[in-house]
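A.B. asks: My questions all concern the structure below.
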Amino acid sequence: RDDHIRHLIEQVLFTVPGERVNRPDFGVNIRQFVFAGGNDETTAAAQFLIQGELERWLGEIIDVEAVLVETEEAKLNITVRFVVRENQQRQVAQFAP
(Lines give C-alpha, C1' and ligand atoms only; values in the text may rest on other atoms or scores of the structure.)
Protein backbone atom coordinates (compact mmCIF):
# COMPACT_ATOMS: atom_id res chain seq x y z
CA ARG A 1 0.00 0.00 0.00
CA ASP A 2 2.84 2.43 0.83
CA ASP A 3 4.46 1.87 -2.56
CA HIS A 4 1.11 2.40 -4.27
CA ILE A 5 0.60 5.78 -2.57
CA ARG A 6 4.17 6.84 -3.38
CA HIS A 7 3.53 5.88 -7.02
CA LEU A 8 0.33 7.96 -7.08
CA ILE A 9 2.22 11.00 -5.74
CA GLU A 10 4.92 10.43 -8.34
CA GLN A 11 2.29 10.34 -11.10
CA VAL A 12 0.89 13.70 -10.01
CA LEU A 13 4.36 15.26 -9.82
CA PHE A 14 5.76 14.04 -13.12
CA THR A 15 2.71 14.07 -15.39
CA VAL A 16 2.58 17.04 -17.74
CA PRO A 17 -0.85 18.72 -17.88
CA GLY A 18 -2.39 17.79 -21.22
CA GLU A 19 -0.60 14.43 -21.31
CA ARG A 20 -3.72 12.47 -20.31
CA VAL A 21 -6.51 12.68 -22.84
CA ASN A 22 -9.41 12.23 -20.40
CA ARG A 23 -7.84 14.41 -17.69
CA PRO A 24 -6.08 17.28 -19.47
CA ASP A 25 -5.61 19.28 -16.25
CA PHE A 26 -4.01 16.38 -14.33
CA GLY A 27 -0.41 16.76 -13.20
CA VAL A 28 2.20 19.24 -12.06
CA ASN A 29 5.10 18.74 -14.51
CA ILE A 30 7.66 19.32 -11.81
CA ARG A 31 10.43 19.15 -14.39
CA GLN A 32 9.53 22.69 -15.40
CA PHE A 33 11.04 23.92 -12.13
CA VAL A 34 14.38 22.14 -12.54
CA PHE A 35 15.79 24.81 -14.85
CA ALA A 36 13.69 27.72 -13.58
CA GLY A 37 16.35 28.82 -11.13
CA GLY A 38 16.60 28.25 -7.43
CA ASN A 39 15.28 31.56 -6.16
CA ASP A 40 12.75 31.87 -3.34
CA GLU A 41 9.86 32.77 -5.65
CA THR A 42 10.32 29.70 -7.83
CA THR A 43 10.62 27.42 -4.82
CA ALA A 44 7.51 28.89 -3.20
CA ALA A 45 5.56 28.55 -6.48
CA ALA A 46 6.61 24.91 -6.80
CA GLN A 47 5.60 24.14 -3.20
CA PHE A 48 2.22 25.85 -3.63
CA LEU A 49 1.52 24.08 -6.92
CA ILE A 50 2.56 20.66 -5.66
CA GLN A 51 0.55 20.87 -2.45
CA GLY A 52 -2.54 22.11 -4.28
CA GLU A 53 -2.43 19.40 -6.93
CA LEU A 54 -1.77 16.62 -4.42
CA GLU A 55 -4.74 17.78 -2.34
CA ARG A 56 -6.87 18.04 -5.46
CA TRP A 57 -6.10 14.62 -6.94
CA LEU A 58 -5.22 12.54 -3.87
CA GLY A 59 -7.20 14.31 -1.15
CA GLU A 60 -9.40 11.26 -0.56
CA ILE A 61 -6.36 9.09 0.10
CA ILE A 62 -3.87 11.37 1.90
CA ASP A 63 -3.74 14.56 3.94
CA VAL A 64 -0.75 16.60 2.82
CA GLU A 65 0.96 18.10 5.86
CA ALA A 66 3.89 19.81 4.15
CA VAL A 67 5.74 20.10 0.88
CA LEU A 68 9.37 21.16 0.92
CA VAL A 69 11.17 22.06 -2.29
CA GLU A 70 14.91 22.66 -2.18
CA THR A 71 17.34 23.45 -4.94
CA GLU A 72 20.88 22.24 -4.78
CA GLU A 73 22.96 23.51 -7.70
CA ALA A 74 21.03 22.20 -10.73
CA LYS A 75 19.10 19.63 -8.72
CA LEU A 76 15.60 19.84 -7.29
CA ASN A 77 14.69 17.90 -4.14
CA ILE A 78 11.05 17.48 -3.16
CA THR A 79 9.88 16.18 0.20
CA VAL A 80 6.20 15.46 0.80
CA ARG A 81 4.95 14.80 4.33
CA PHE A 82 1.50 13.30 4.50
CA VAL A 83 -0.92 11.20 6.53
CA VAL A 84 -2.62 8.18 4.99
CA ARG A 85 -6.32 8.64 5.67
CA GLU A 86 -7.04 4.92 5.86
CA ASN A 87 -4.82 4.22 8.88
CA GLN A 88 -3.69 7.70 10.02
CA GLN A 89 -0.05 6.73 9.42
CA ARG A 90 2.39 9.60 8.84
CA GLN A 91 4.79 9.16 5.93
CA VAL A 92 7.47 11.05 4.08
CA ALA A 93 8.23 10.65 0.38
CA GLN A 94 11.21 12.21 -1.37
CA PHE A 95 11.66 12.83 -5.07
CA ALA A 96 14.50 14.22 -7.17
CA PRO A 97 13.51 14.87 -10.79
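A.B. asks: Keeping every protein chain present and rolling a 1.4 Å probe, give me the accessible area per residue for the chain in Å².
C.D. replies: 62 Å²
A.B. asks: Out of Phe26, Phe48, Phe35, any idea which swings most in a Gaussian network model of the chain, alpha carbons joined below 10 Å?
C.D. replies: Phe35
A.B. asks: Continuing with this model, one more query. Quick one: angle between helix 40-58 and the longest Cα principal axis of the chain, in degrees between 0 and 90, rounded to 10, please.
C.D. replies: 20 degrees
A.B. asks: In whole percent, and with a 1.4 Å probe on the protein chains, what portion of the accessible area of the chain is carbon and sulfur?
C.D. replies: 45 percent
A.B. asks: Could you tell me how many degrees, from 0 to 90 and to the nearest 10, lie between the Cα long axis of helix 2-14 and the main elongation axis, the longest principal axis, of the Cα atoms of the chain?
C.D. replies: 40 degrees
A.B. asks: Another question, then. Considering Cα pairs under 8 angstrom that are at least six residues apart, work out the relative contact order of the stretch 1-56 and quote it in whole percent.
C.D. replies: With pairs under 8 Å counted, the relative contact order is 28 percent.
A.B. asks: Considering only protein heavy atoms, with the full assembly of protein chains and a 1.4 angstrom probe, order Leu76, Leu68, Leu8 by accessible area, largest first.
C.D. replies: Sorted by accessible area, descending: Leu68, Leu8, Leu76.
A.B. asks: Could you tell me how many cubic angstrom of Cα convex hull volume the chain has per residue?
C.D. replies: So the per-residue hull volume is 90 Å³.
The values are calculated or read from the model by the stated rules, or taken from the named source; none is laboratory data. The structure presented is a predicted model; accordingly, all values stated were derived computationally and were not measured. Side chains included, ligands, DNA and RNA excluded: accessible areas come from the protein's heavy atoms. Shrake-Rupley method; radii C 1.70, N 1.55, O 1.52, S 1.80 Å.
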